[in-house]
Each structure stands twice: as structure tokens, then as C-alpha cells.
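The structure appears right after this line, and notes come after that.
The values are calculated or read from the model by the stated rules, or taken from the named source; none is laboratory data. Computed from a predicted model, the values in this text were never measured in an experiment. Don't worry about glycine lacking a Cβ; one is built from the backbone with ideal geometry, like all the others, and counts go over all protein chains shown.
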Amino acid sequence: MKPFALVRPRSLSEAARATVSPDAALKAGGVDLLDRMKEGIDSPKTVVSILEIPGHDRIEAGPPAKIGALATLARIAGDPGLQKTYPALAAAAGGAATPQIRNMATLGGNLCQRPRCWYYRLEEFDCRKKGGSECFARDGENRFHAIFDTDLLCCCVHPSATGTALLAYGAKLEVLSPKARRSLPIDRFFSRPTDDATRENTLNPGEIVESVWIPALPAGSRSIYRKLKEKESFDWPLVEVCVSLAISGGAVRGARVVFGSVAPTPYRSKAAEAALEGGRPSDELARRAAEAAVRDAKPLAQNGYKVLLARVELERALRQVFG
Amino acid sequence: MTDKIRVGFEGDFQVKEIAVAPGDPAPWDPSKKFSIVGTRVPRLDGKPKTTGEAKYSIDVRLPGMLYGRILRCPMAAATVTSVDLSAARKMPGVRAALVLAEPGERVRFAGQEIAAVAAATPEQADDALAAIRVAYEPRPFVVGLEAARKPGAPLVFDGKAETKTSAGDVESAGKGLARNGNVLGPRSTVKGNVEEGFRKADAVVEATYVTQVQTHTALETHGLVARWDGDELTVWASTQGLFGVRDELAETLRIPVSKIRVITEYMGGGFGAKFGARIEGLTAARLAKEAGAPVKLFLDRKEEQLATGNRPSSVQTVKAGATKDGKLTALQLTVYGDGGTNGGTGTSGPIKNIYACDNLKVDEFDVFTNAGPSTAMRAPGHPQGAFALEATMDELAKKLGMDPLEFRMKNDPSAVRREEFRIGAEKIGWKTRDDRRQTQDPWIRRGVGVGAAVWYNTGDTGPRATVTIHRDGSAEVEHGVQDLGTGSRTMVAIVAAEELGLPLEKVSVSIGDTRLPYGPESGGSTTTPSSAPTIRRAAFQAKKQLAAAVAREWKVPAESVTVSDDVVSAPGDPKYSLPWAEACKLLPGQGVSATADRADNHDDAWQRFTTGAQFAEVEVDTATGRVRVERVVAVHDCGVVLNALATESQIQGGVIQGVSYALFEDRVLDRRTGRMVNPNVEEYKIAGSLDVPEIDVIMVSVWDGVNNTNSVGIGEPATVPTAAAIANAVSHAVGARIRRLPITPEVVLAAVAEAEEARAKGGPA
């Protein structure tokens, strides 16, 4: 780890000003940032710590919900209002990492964390995510890598569990910059490697996620988050899936289906959504939607099995949500 | 002196005549009423370890101590053309720097040592490493066993293979074996005639089994702290063998053994990878000498994963035949193992030593690759060998239409293990295992599998111990063994207390220092059967000296005084009888002490192998391939258990490490660069608390009479059959044979798909 200056601003606006410089890094829980600094893949000259700034960890379960970016995953997972209205978010937060990490990790940090691709995480590999010219995973060791959008320069998978759930809920992020505040729909927050392979989101320098707003869901809404890991104790998922839909007049309406850990961004399956729209909830509908979801999968040499897992997990999620 | 002793196990004892060495007590008799031995004794150092008060070698901080770090090659194969330390030497805080790979030297794996520095802080040392300028000439390299076997594959060694072996390795690589490209061997074993055996067979099965590379991943990393005082060297090491560290330092640094002291007060695990001073230790000593200050050099987790050894991979082809009444007629194993730059990849222990078969053929090949060297790891060769052998036994039983357990019993020559099979089968509910396969969830299947273990009851001669009885009735044991975390310290106290008839709190123990009488290295599950008989002998002799001293006071013949059950007496005269504490008051100021060497094993005693049987029950999600081990029943021959709590804990540890090996652990190398892509404990997956099954430990007492305590080691046998039992359970659950470790969802799904395809084609399932 290289020496750095620690800055502890008293407000988020002050923090935004301090992180305009490309040499500055924002630290909330510090879970991912400190890992990267210790692994030698990130060496900010200034670390701007916002963890102790008060007032940004509030959870208003709503609906609509408003969650401060400094709320920890543990608190989101344990919030009775969120559990009731947005159960997929509570489950995603509660299933991430380990109890110790969930007590430190924040919602903002979870959304902004960098991928866990093992080539990216090793300083010896100058991959595209570090500004290099090659994705080592594409023809390398890719058993845990992307199965969708694998033709976008970088085959990493996005690691944010809460991002998967928030995308399914159509959340918006309140983003603060030194001069202004803007509202950013979450589907425009995540960026693709073809936009800029060295980043995973569209935040500008000096912009900070201040809070997350989740709309009220229509009557008859249901949602679910599932994931599959090799280990039961701490492990990164092989596949995550989040479904949010309403059942109205006996038919599925407004389904949003999002996979996690399968693409460089949380991956919304429009094919599955289209298959579900207007359908009568049934095991058969679940099966058809799951099959539609993976039709466009383009697995790499070693991760074809993840396609099957994605299909199974979505089918199960739908059957569960249909009840 | 010969003695008649009773040997055997519950319900099956026999009398044997053995030669007992002078000054050695005869082995404990099965009728012996123990006061401490066999009870559940919490480890003596449990509290300091729990509170953090215990200082491991990695915790040692000395005044003026520097931090050593090693620069490693990022390439899988190269020739070093130059190493320039001049800029590094000028970096802030740097006090010493060394070249470890001289220009012209070949580097054979990514992670090999190139140079080292010592600086005032770890960060300064890291910065200095970055300032070292190394020029390499890259060379072609080869990753993976299959690639390395191909004709024309880049050669890991052009000339003679320069392998390094340490205590406990399966077998050293060289020894005049043929080498063809990167392939060394075979080491062959032939018994009877397998061709004839296969001709006699009514059923023959043959299949290939693949296992991965597993790393040791001890909690405490490799390393030591070295301090010179003039020409004397003291090191605080994390080692499985204090005296081996001392001897390697003496030999390499060319200083007398008497000038070196090695200390390991507490240790955070080794699993076979921590023998000798190793390059880390020698480097720390040399840096400390150059800097004129103590140097601490402990590796980080990444270095630990790259360069400190591993359990080699294997590709095993097993062929087996049996008659229709279930007798094995032939067993054949051909194995190729990837030990990186080391050999020693054989897996034949189980196939040679578990089931009786007149016709056996084994061919073992080491395959060199450009990867970190293998080294001994908890039962070297056995978990991989047991996995392949026990899958084969299941397949052959199936082909014969026989219950897999019954088939094993028919071919198992060990009466103890047959009993273990019976106990375990009862406990796991073997008879109803087929009925339990279906669950309420159509996707979830349950399965039960079994695996057998063998290990070698080989306590070693060589250890020495001193037992002193003080005037106040307390006693002290000095013995240079190290406690890896297995409970050796407590074991030493238990044996002395039992023999002297003292409560545990009256016995103090000094271990972990080469200034103490010679202790055994902790490898091959030999620590307890090496140390315990030594301690008992020394205590036995100290007790004799107490009797002699009291006899002198009483002016009676020495041989007429006996010490038993807290009482020192000369039978026949009630006035010559004193409680222990009163008798000790008659001792001179220095008390009495005896130093004893371990006696030879009684080769003429009853049995030479330790056995075990494990049963696993798993739940498999057949749609996702996800396996959860629900329960493991581990039944093991534990000799005479000295500490039931520690023995149980050792077996649980073996099972947990076996579960982890069976399901998760896998060193992944990037085929295109030869670098390990998961050199951590995040993507190198190890079972966590939620992945640990319910473990039933059943300790079978066996009185083998081999040493005076009948003790055996359990560290290794406890992990031998776990993966085998789990793989068989998964195969039972899904109705498809698992032939690859680790058993990830991908592996299960592939096995299920393959079986379905075979069924669709009308072939055998």
C-alpha cells in the first residue's frame, strides 16, 4: 500500500469537492477500496472518508423508499419496512459477503465497488479494466466470468447484489456533485465496458451517490432475490436473479427480471420480461420465461454451466414469486 | 526382558510376548484404570490462545527488528540475466539486500524467489522490492499435466531435475528413474500377476479419476524471526520440526549446531509444508547478519499460495476385477501427478494397503510443470488415492450387484476396520440409504457413501525427554517437541501426570525450544507415538529414582520401594508408607530427574496399520449441482486415546479439511501465463463454518503394543477417506459417477448429463 493523505470532510458537498481530482478516492466502509490498495491495483494520493458524515445513513422504507448511501448492508437487510415492501433488496443486502463485512459495507459502496475478476485483482495482469489492451479472461480462466454481453471488451461480472435488486425495482440514485444534485435512473448508472472499460458507472469526477430512491410498486406487486454460490459461507455468487412483477387480473404485469454475476453490469433480461408480460402465472410460464432469458447467452469456454444455473435460478424465482 | 502383553481391541484380545527394552515400562494393559489418559482434557494453552496472550512466532517483535521481504519472479519460466540491488539499497529504511537467484539461474515457476531486502518497516521493504531491477530472458513454459505430457512440450528441466524434498514427502523424485520429457517414472509395484487376475475376474471396471491441486493454507504463514548475538543465532520459527530448522541453518550457514537456538512456542498450523529452515529462514538469517539487526521474514498469503508447497494433482486410471462372489482378483493403478517443479506425486498408499488382493500393479509417474512445487500435505497421496480406489470399489460392487459395503468387508483384511465399517454403517443408517434418496423436493436427492483409510503406525526413535520430580511433589517435563495446534503440549503433560500418578496441575511442561531434549518432527502422524512413549519412559525412570532416594532414607533396598497411586511404600512394613508429597520431601534439593530416549517399537506386537472408515451423507440439488454435506460419521482406530477432546478435535479437523478438498479447494493457474489467478483465500475457496457438516467422531481403542503407551497419530488418517466418502455419496444421490474433484456444481451437472446421455443411448447408467 502506498502512502496517502486521509481527508475527513464534514459534509458530502465538501467530500464531492475533494474527490474531483482523479488522484482522490472516496471511502465509505472501505471494504473494497482498502482491498484494492493492499492488492496494489489502486494507489490514490488522497482518500476521502465519508463514513463519519452524519445524516446519510437513514432508511425510510416508504413506499416510496429513500435510503441514504451510507446505510450499511446489515441495516438494510434488517429493516422491517424494506423486508416487507422491497424484500428482494433486503435479501440481496443480507446475503452479501459476511456478517462482519455487512456491518461495514454501505449501500453506496456496494453499488460503486469494482469487479472481482481475478485478472483485474492481480497487479501482474494489465487488463482492460486497468487501461491495458487485453481481457485475459476471454481466452483464459473464465469459469466465474460473464455469460451475457461477453463481446464488450471485458468479461468481468458486476459484483453488486443490491444493484441487481435496485435495477429490478427501477430505483433512482440521488447524485451529488460540487455544484449540483441530479437524479439518475439506475439503468443509466451502470455503464458497459464499451463506454469505458476502466469504469462500471457513469458518475462524473466529484459525483457521489447520496441516496437511493425506490418507487412505490403497483398493487399486487411481488419480488424476490435468489442466488447460487458454491459455498454456503462467504462466497461470490455464480448467479443471482431478481424478479419484480405485479399480478393483476390473473396476469403478470410489468415484470422486471435482472440477473447478477453474469455480465459486466447487472443484466436485465428483456426477453424474459417479454415472455412474462400478460401471461398467467404457472410453472409452464416460469419455464418458458427462463428459457427465453438464456437464449441470448454467449458463455465463454469454461462457464457454459452458468447458463444452466441462470435458467434454473430464474425458473425457481418465478415459481416462488407466483406462489 | 520379555513380557507377556495383551493386544487387540474390544472383544478381540490376544496375548503376545514382546521384548521390553531395559528401563522401559511394558505397554499399558487393556485392564489399566487410567486417571487422566483418555479423558477429555482442555488444552493447557487454550486460554492464552483464545485471549491472544499466546505469542506465535509471527507475533514476535524484537527491539530494532527489521522486516524482510522477498521479490518473486512474475514469469513461469525465465533465465535471470541480471539483478541490480543498488537502487533498492538506497531506498529509505533499507538495511540489507540479497540476491537469491544469480544471473544465469533458471526460474521455473511464477513466484520463485529472486531477491530479498530488509528494511525498518514492511512498507519500506515493499517499496525497496519495487526498486530492484531484474532482467529476465523469458523461456517457453508449460502449464498443466496434459500439456506437459505432450511430445515437444517445453521442458521444465533440461538436464537433471533439481527437486527439493522435505520430511514427509511421498518419495523423492530422482533416484535413477527414467525421464521422458517432463515425465519421470514409473515407480512401479508389482505383486502377483494382474493379467491373470483380470482373466479370473467375473467383472472388471476401469475408469480415470482427476484431482486438483490443494494448497496447505495454514493460518500462520511461513517464516521466522532471526537474531544474531555475536556468532550465535536465535530464531523464532513457525515450524513442524525445530531441530530440522536448526540443522539446515547450521549446514547452510556453516555454523555449529550448538550456536543455534530455534524456538516455536505456539504455532498456527503446517499440514506438512513447514519442515526445514526453507529459503525464507535462510534468507532471514542472512539478512539479519548483513543488517546487524534482527529480521522478521514472514510471507503474505499470496506468497504462501504460490511458493510454499501443495498437494499435487492427479490423473489416476484404476482398473479392478473381482469374482462374482465378491473377491478382488486384480487391482491396477496408473497415475500421473502434477507436482510443479517437484515430484512425489504418487497416490498408491490406499490401493496397496487397504484391500487384500493377490494381484496388484502400480505405475506412478511424476509430471514436471512450470508451477509451484508440491510438498508433503496431510497424508501425502492418500486422499487422492482413496478417492479413486473407493469410487472403483463402488463401481465394481455395482457391476457385481453387491452392496458396496458388503463388498468392502469381503476384501478387507483388517478386523479393526471391518468393525469400524460396522459401527459407522449403523450410525449413518446404511441399510436405509436407498430409501432416503428421494426427498419431498423432486430436485433434491440424498446420498450416502463410504470410504476407508489406512495409515502407518510409525512412532520414531530419537526423541528424548527429561522428567524432574521436585521436593514439593511437583514435576516438570522438558521435551523439544513443537505443538502445531494439535495439542502436543497437553499430551506431554497427560502422559507424565498419568505415569507419575499426579494431577495435571502439578506437572509443568516446557516444549518448543531446541535447548530442550530432542523432540520429534511433527509429520506423518508420528508426533504422539514418538513423544508419548518417551515421556512415559522418562517419567517411569524418574519414579524409580524417587523410589531409590526414598529407599536410601529408609535404609531399605531400592527395589523394595514402589510408587503407586499417590503412595510411596515398601510393602511388608506399614511404617514405610508415605503419601507422594511427603515422600518427595525426603528428596535432596535438586529433586530427582531422569532423561530417557524413546525405546524401539515392538515390531513383534500386534498390528502395524492404523485404520479408519468414514461415511458421508449429502444432499444434492440435481438441477444446480449444488452439494451440501449434511453429515460425516468418522470411525477411527485411535490406538489408546491420550486426550479424548484433542483426538476428537483432530478428527473433526481432518474431516473439515476433507470436505473443503472434496467440494471447493482448487489452485487455478492461468494457462497463458502460468500465474496462479486465485492466490488468496477469497477465490481459493475453503469451507467456512456454514459448509461444515455435523460430524460424529467415534474413536475405537486399539491396544497394539507397539509402544509403551499404545498411542498412534490421527492427524492424517482423519482426512484420508473424507473426499472419497463424499464423492461416493454424491454419486449415490445423483445416480451418476463423480470422477473429478472438487465436486463443484459444474462437475455434478456434467456427471448427471453424461449419465443421462448414456441412459438415452441405452448404455449402462
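From the list B:Ala751, B:Ala755, B:Ala724, B:Ala718, the one residue that fits, being assigned to a helix (DSSP H, G or I), under 30 Å from B:Lys32 (Cα atoms) and not polar (S, T, N, Q), is B:Ala718. With respect to (1) in a strand (DSSP E or B); (2) surrounded by fewer than 20 Cβ atoms within 10 Å (Cβ to Cβ); (3) under 30 Å from the mean Cα position of the chain (by Cα), the lone exception for B:Gln14 is condition (3). Going by what's in this entry, would A:Gly220 be described as in contact with a strand residue (DSSP E or B) (Cβ under 8 Å, 6 or more places away or on another chain), modelled with pLDDT under 95 and at positive phi? When the stated conditions are applied, A:Gly220 passes them.
Is region A:297-307 home to any residue that is on the phi < 0 side of the Ramachandran plot, buried (at least 24 other Cβ atoms within 10 Å of the Cβ) and among the hydrophobic types (A, V, I, L, M, F, W, C)? Within region A:297-307, not a single residue is on the phi < 0 side of the Ramachandran plot, buried (at least 24 other Cβ atoms within 10 Å of the Cβ) and among the hydrophobic types (A, V, I, L, M, F, W, C). Listed conditions (1) within 9 Å of chain A (Cβ to nearest Cβ); (2) not in a strand (DSSP E or B) are all met by B:Arg628, apart from (2). Residues in region A:246-263 that are within 13 Å of A:Ala297 (Cα to Cα) and out of contact with any strand residue (DSSP E or B) (no Cβ under 7 Å at 6 or more places or on another chain): 1 in all. With respect to (1) free of Cβ contacts under 8 Å to residues at least 60 places away in the same chain; (2) surrounded by 24 or more Cβ atoms within 10 Å (Cβ to Cβ); (3) of a type in the set (A, V, I, L, M, F, W, C), the lone exception for B:Ala727 is condition (1).
Residues are listed down the side, and each one gets a yes or a no for (1) of a type in the set (D, E, K, R); (2) touching a residue at least 12 places away in the same chain (Cβ under 8 Å):
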{"site": "A:Ala5", "(1), (2)": "no, yes"}
{"site": "A:Glu14", "(1), (2)": "yes, no"}
{"site": "A:Val31", "(1), (2)": "no, yes"}
{"site": "A:Asp42", "(1), (2)": "yes, yes"}
{"site": "A:Val48", "(1), (2)": "no, yes"}
{"site": "A:Pro63", "(1), (2)": "no, yes"}
{"site": "A:Arg75", "(1), (2)": "yes, yes"}
{"site": "A:Ala105", "(1), (2)": "no, yes"}
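Filter region B:659-708 for residues that are within 11 Å of another protein chain (Cβ to nearest Cβ) and acidic (Asp, Glu) and give the result. Of everything in region B:659-708, those that are within 11 Å of another protein chain (Cβ to nearest Cβ) and acidic (Asp, Glu) turn out to be B:Glu665, B:Asp666, B:Asp670, B:Glu682, B:Glu683, B:Asp691. All of B:Ala320, B:Ala288 fail the test of being surrounded by 24 or more Cβ atoms within 10 Å (Cβ to Cβ) and within 18 Å of B:Val117 (Cβ to Cβ), apart from B:Ala288. The condition of being in a loop (DSSP other than H, G, I, E, B), among the aliphatic types (A, V, I, L, M) and surrounded by 15 or more Cβ atoms within 10 Å (Cβ to Cβ) holds for only one of B:Leu98, B:Leu71, B:Leu62, that being B:Leu62. Per this entry, B:Gln614 is counted among residues that are crowded, with 20+ Cβ neighbours inside 10 Å and either in a strand (DSSP E or B) or away from chain A (no Cβ under 14 Å) (or both).
When A:Ala92, A:Ala74, A:Ala97 are checked against the criterion of being under 30 Å from A:Asn142 (Cα atoms) and away from chain B (no Cβ under 14 Å), A:Ala92 stands alone in meeting it.
Note on region A:192-230: residues that are among the aromatic types (Phe, Trp, Tyr) and closer than 30 Å to A:Val307 by Cβ amount to 1.
Residues are listed down the side, and each one gets a yes or a no for (1) of a type in the set (D, E, K, R); (2) touching a strand residue (DSSP E or B) at 6+ places or on another chain (Cβ under 8 Å); (3) under 16 Å from A:Ser261 (Cβ atoms); (4) surrounded by 24 or more Cβ atoms within 10 Å (Cβ to Cβ):
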| residue | (1), (2), (3), (4) |
| --- | --- |
| A:Leu70 | no, yes, no, yes |
| A:Ala77 | no, no, no, no |
| A:Gly81 | no, yes, no, no |
| A:Pro99 | no, no, no, no |
| A:Leu107 | no, yes, no, yes |
| A:Cys117 | no, yes, yes, yes |
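If you go through region B:709-723 and keep only what is of a type outside the set (Val, Ile, Thr) and either under 27 Å from A:Phe144 (Cβ atoms) or within 14 Å of another protein chain (Cβ to nearest Cβ) (or both), you end up with just B:Ala723. Taking the condition buried (at least 23 other Cβ atoms within 10 Å of the Cβ), of a type in the set (Gly, Ala, Ser), in a loop (DSSP other than H, G, I, E, B) and in contact (Cβ under 8 Å) with a residue 60 or more places away in the chain, does B:Gly372 pass? Considered against the rule, which asks whether it is buried (at least 23 other Cβ atoms within 10 Å of the Cβ), of a type in the set (Gly, Ala, Ser), in a loop (DSSP other than H, G, I, E, B) and in contact (Cβ under 8 Å) with a residue 60 or more places away in the chain, B:Gly372 comes out as yes.
Within region A:108-123, restricting attention to residues that are assigned to a loop (DSSP other than H, G, I, E, B) and either in contact (Cβ under 8 Å) with a residue 60 or more places away in the chain or within 9 Å of another protein chain (Cβ to nearest Cβ) (or both), the residue that is nearest to A:Met1 (Cα to Cα) is A:Glu123.
Residues that are touching a helix residue (DSSP H, G or I) at 6+ places or on another chain (Cβ under 7 Å), more than 14 Å from chain B (Cβ to nearest Cβ) and surrounded by fewer than 22 Cβ atoms within 10 Å (Cβ to Cβ) were ranked within region A:222-249; the one that is nearest to B:Asp691 (Cα to Cα) is A:Ile224.
Of all residues in region B:20-48, those that are within 18 Å of B:Trp606 (Cα to Cα) and hydroxyl-bearing (Ser, Thr, Tyr) have Cβ atoms under 8 Å from Cβ atoms of residues that are outside any loop (DSSP other than H, G, I, E, B) and at pLDDT below 95, 6 or more apart or on another chain, in B:Ser31/B:Arg6.
Of the conditions (1) β-branched (Val, Ile, Thr); (2) touching a residue at least 40 places away in the same chain (Cβ under 8 Å); (3) crowded, with 18+ Cβ neighbours inside 10 Å, B:Val681 clears all except one; give me its number. Unmet condition: (3).
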